[in-house]
Amino acid sequence: MNPRSTRLAALGLIALPLCAIGDDAEPSSGSSVFSFSGFGTLGETHSSEGNADFTASGFQPNGAGHSRSWSATVDSLIGGQVAARITPELSAVVQVIAQQSFDGTYRPHVEWANIKYQISPDLSVRIGRVELATFLFSDTRKVGYTLPWVRPPIEVYSLIPISTSDGADSSYRLILGDFINTTEGSYVQSNAPLPNNRGTAQARNSLNFSNTTEYKSLAFRVSYQHARLTIAALDDFLDTFKMFGPQGIVIAEKYNSDNKPVETEFIGASYQPGRWFLISEWGHIRFNSFLGESTAWYASSGFRVGQFTPYLTYSRARAASNSDPGLALTGLPPARAGFAAGLNAALNSILQQIPDQSTVSLGTRWDFAKNFDLKVQFDHMRIGADSDGTLINLQPGYRPGGTVNLFSATVDFLF
């Protein structure tokens, strides 16, 4: 995002200019070639569901609920960024973040590492590890201080949990009076290790497009992505269906994730005319595999009174389907029918993991000191009858279709 876009996305709640932490951070004329900035979040989350875990990302192996009633792993992280202005046109940035990763450790990982060439004041290209300009908060989704909430609404942001990719992108900005239009495109790929030694999610040939239009206090973004996704974790299980002939082959081909096309469309808007704000985003994704097809949206509003910003958010994720009739059992010998029924049940337990849930969130932000905030948030999640929602680590006592109450408290900071 350009600096004005970033400020709009942060909804005016930021005391420190985001250029200190954004991907276009550059030292001012006459300053040092290098600049350093950092950010972090310290948080605790409690979940009322003791038979499953709530996490902020599908790449976390555990969270609040079953693993521990109160968990600091859900939102806590710390990051640092070094930016370099090599020439007036050439700059570079490296951002490193330490947070709970797929293997349960907190080993730092490189979030961004790219070189940017400013062809003109309005046209630039980058190469390296970059963020995807999908959501309104794509470039700051890990920087809690820039968000009005404890975390971005999980129903929408979990549709694409991968926040960065490797490749190249370009950005062109057109200014017409009070209108600013920024068009971005990228060609990237990514590898994301899955928790519990389940392999890797590989996205290849990812083409991404976004367009952001701003007019005074209004920002509007649309984005589209097409990629090829491979997740081999279920290959052996799905191959078992092929033992049942043509009908099994159809099921295996339908749900495998072997270089399958993935398409996403997102629309987002924010409006902040003064002390209050209104934000909403909508997204749709088709995986063409066992990950299914989902639509999600949220609407959030709040207002600032002194140092406090109370807010209310409603978010909704709906799966196109959480079940499949599977193999036809009629005519099969009893032993094979029992085996086929077991395969059908296992398949439906996988499809049940496609989120179908809604959440009402009520919280407040307190900017109690320069570059520090304290947020508290209560979430009431209602999960669809045939879905596990966004919960993980399901235990035998877990039953779909219930409600989950979450309480979160975080301190965000910049330095």
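Residues that are in contact with a Gly (Cβ under 7 Å, 6 or more places away or on another chain) and assigned to a strand (DSSP E or B) within segment 360-413 comprise Lys375, Val376, Gln377, Phe378, Met381, Ile383, Ser408, Ala409, Thr410, Asp412, Phe413, listed in sequence order.
Looking only at residues in segment 208-227 that are open to solvent by 50 Å² or more (accessible area, probe 1.4 Å) and more than 18 Å from the chain's Cα centre (by Cα), the one that is nearest to Phe135 (Cα to Cα) is Phe220. For segment 309-320, the count of residues that are at pLDDT 95 or above, aliphatic (A, V, I, L, M) and in contact with a helix residue (DSSP H, G or I) (Cβ under 9 Å, 6 or more places away or on another chain) is at least one.
One line per residue, one yes/no per condition, for (1) more than 29 Å from Ile285 (Cβ to Cβ); (2) open to solvent by 40 Å² or more (accessible area, probe 1.4 Å); (3) outside any loop (DSSP other than H, G, I, E, B); (4) among the hydroxyl-bearing types (Ser, Thr, Tyr):
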| residue | (1), (2), (3), (4) |
| --- | --- |
| Val93 | no, no, yes, no |
| Ser101 | no, no, no, yes |
| Gly104 | no, no, no, no |
| Glu111 | no, no, yes, no |
| Tyr117 | yes, yes, yes, yes |
| Gly128 | no, no, yes, no |
| Ala133 | no, no, no, no |
| Leu136 | no, no, no, no |
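If you filter segment 281-300 down to residues that are touching a Leu at 6+ places or on another chain (Cβ under 9 Å) and more than 14 Å from Ser158 (Cβ to Cβ), you find that the one that is most open to solvent (accessible area, probe 1.4 Å) is Asn288. When Val250 is tested against (1) at pLDDT 95 or above; (2) surrounded by 15 or more Cβ atoms within 10 Å (Cβ to Cβ); (3) farther than 19 Å from Trp149 by Cα, exactly one condition is not met: (2).
Among what's in segment 333-365 and is in contact with a helix residue (DSSP H, G or I) (Cβ under 8 Å, 6 or more places away or on another chain) and β-branched (Val, Ile, Thr), pick the residue that is surrounded by the fewest Cβ atoms within 10 Å (Cβ to Cβ). The residue in question is Ile350.
The values are calculated or read from the model by the stated rules, or taken from the named source; none is laboratory data. Values in this document were obtained by computation on a predicted structure and should not be read as measured data. Note that we place each Cβ from the backbone using ideal geometry, even for glycine, and neighbour counts take in every protein chain shown. Accessible surface is based on the protein model in full, side chains and every heavy atom, while ligands, DNA and RNA are left aside. Shrake-Rupley method; radii C 1.70, N 1.55, O 1.52, S 1.80 Å.
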